Amino acid sequence: MDMEELKKVLIIINTIDAGGAETFVMKVFRELSQRNYQFDFLINKKDSSFYRKEIESLGGKIYLGYSKSKHPIKCFMTIYKTVKREKYQRVFCVAVHPVGALDVIAAKTAGAKNILVRSTNSNAGGWISSALAGIFRPLMRCYATRMIAPSKEAARWLFGEKAVRKKRVEIVHNAIDLSRFQFNAALRTETRKMLGIKHEQYVIGHVGRFNRQKNHLFLIDSFIEFKKMEPEALLLLVGEGELKHTIENRAVEAGVAEAVRFLGVRNDIPELLMSMDVMLFPSLYEGLPNVIVEAQATGLPCLISDSITKEVILSEWVENDSLKNSPMDWAKHAKKQLKKNEFNKRENATGTLNESGYSITKTAEQMNKFLR
């Protein structure tokens, strides 16, 4: 590769684990690495490593920084020194909160010319968080070269209503490699066999980090009610996180521990989605959940909370419900969702998503335009 033509980009992101934001960046990296891009990562969690080997295999470097909430000055100075020392002209900042403007200012002050900022969420806590957001949004709009988001709600949260209204924020879809998510009945059967799932068993699924945002307690309480109607039902939970033990304990207390499978972080998400019969996703808030896009591609019926942007509803496979309703209400709704698909009769929905602009090749082209 001609190093003079190499386009280096510094990605400022919390982790390189298998979260939605990280997965989006990696999908773009895979595509753009073929166009002489090198993505280097500045992270603040040293124990995150899911994508480390792949990043390094694609020629990327990984730098360790600091948490803004715990070490704001060290965080700022690490970004400044890294951009200055390595002469990064392109910086891609993945932000969950407008206070991420501090990262953008650090990169700008160090000499970065092209600073792309992506919003990944639609909320992040209580009144203190909201107050800080109001303070830092103007700085974010001032210092960011380009602003992107997966949905209008995510755009409003990070950049403000005015920026959305004036169309200063561009929507870049949480696109996927559609070929990997095309439903395959043989893969479904093979995966269920590997997991020890009987042909006639209903499988409720969820993919996401065990934290407050994902609302796992409500999820498992809904499964408990569902199991009363379908005693053989199973719950597959994919992910890790600080609240995992709380959910494990709740399953034991409710007497459903044997029916709940904690699968950890996985790299076979397409196959797992094919093995499920319905996904429950009662998040308190989201930017635009990537896994719901992936689930739709496999033709998996999904029941999501009405606090999630309706922009993620791209097909007939997704319906929403209110978190004001009870877990029993959700369980009954989930059972209705099952009727959309009989066992092993899933429809391929990748064509619908391609028409909606959710192909990774289209998204990579947008990102190339922003970063070159």
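Values for this structure:
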| read-out | value |
| --- | --- |
| Candidate lysines - alpha carbon under 22 Å from Lys74, same-chain residues fewer than 8 apart omitted | Lys45, Lys46, Lys61, Lys84, Lys87, Lys108 |
| Trypsin sites (Lys or Arg not before Pro) within the range 150-235: DSSP coil, no more than 13 neighbouring Cβ in 10 Å | Lys166, Lys167, Lys198 |
| Residues whose placed amide H lies under 5 Å from that of Lys8, excluding near-sequence neighbours | Gln38 |
| Cross-link pairs Lys152/Lys310; Lys8/Lys369; Lys227/Lys339; Lys244/Lys335; Lys27/Lys362; Lys8/Lys166 - those with Cα-Cα distance over 21 Å | Lys244/Lys335; Lys8/Lys166 |
| Peptides 291-304, 267-280, 74-87 ordered by average Cβ neighbours within 10 Å, highest first | 291-304, 267-280, 74-87 |
| Contact order normalised by residue count of the range 111-242, Cα under 8 Å, 6+ apart, percent | 19 percent |
| Heavy-atom accessible area per residue - the range 124-272, 1.4 Å, Å² | 49 Å² |
| Shape call, the range 178-275: gyration tensor on alpha carbons, a/c limit 1.5 | oblate |
| Rg(Cα) / (2.2 N^0.38 Å) computed for the chain, rounded to two decimals | 1.00 |
| Solvent-accessible area, 1.4 Å probe, carbon plus sulfur percent, for the chain | 50 percent |
| Highest to lowest packing among 128-135, 256-263, 58-65, scored as the average C-beta count within 10 Å | 58-65, 256-263, 128-135 |
| Amide H partners (placed H, <5 Å) of Met279, local residues excluded | Gly205, Cys302, Leu303 |
| Whole-angstrom gap from the range 61-136 to the range 270-321, using each part's C-alpha centre | 30 Å |
| q = 0.10, 0.11, 0.18, 0.20 Å⁻¹, the range 55-204: log10 I(q)/I(0) [Debye, one scatterer per Cα] | -0.50, -0.58, -1.03, -1.19 |
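The values are calculated or read from the model by the stated rules, or taken from the named source; none is laboratory data. Please read all numbers here as calculations on a predicted model, not as lab measurements. Cβ coordinates were reconstructed from backbone atoms using ideal geometry, including for glycine residues, and neighbour counts include every protein chain displayed. Side chains are part of the model used for accessible areas, which takes the heavy atoms of the whole protein and leaves out ligands, DNA and RNA. Shrake-Rupley method; radii C 1.70, N 1.55, O 1.52, S 1.80 Å.
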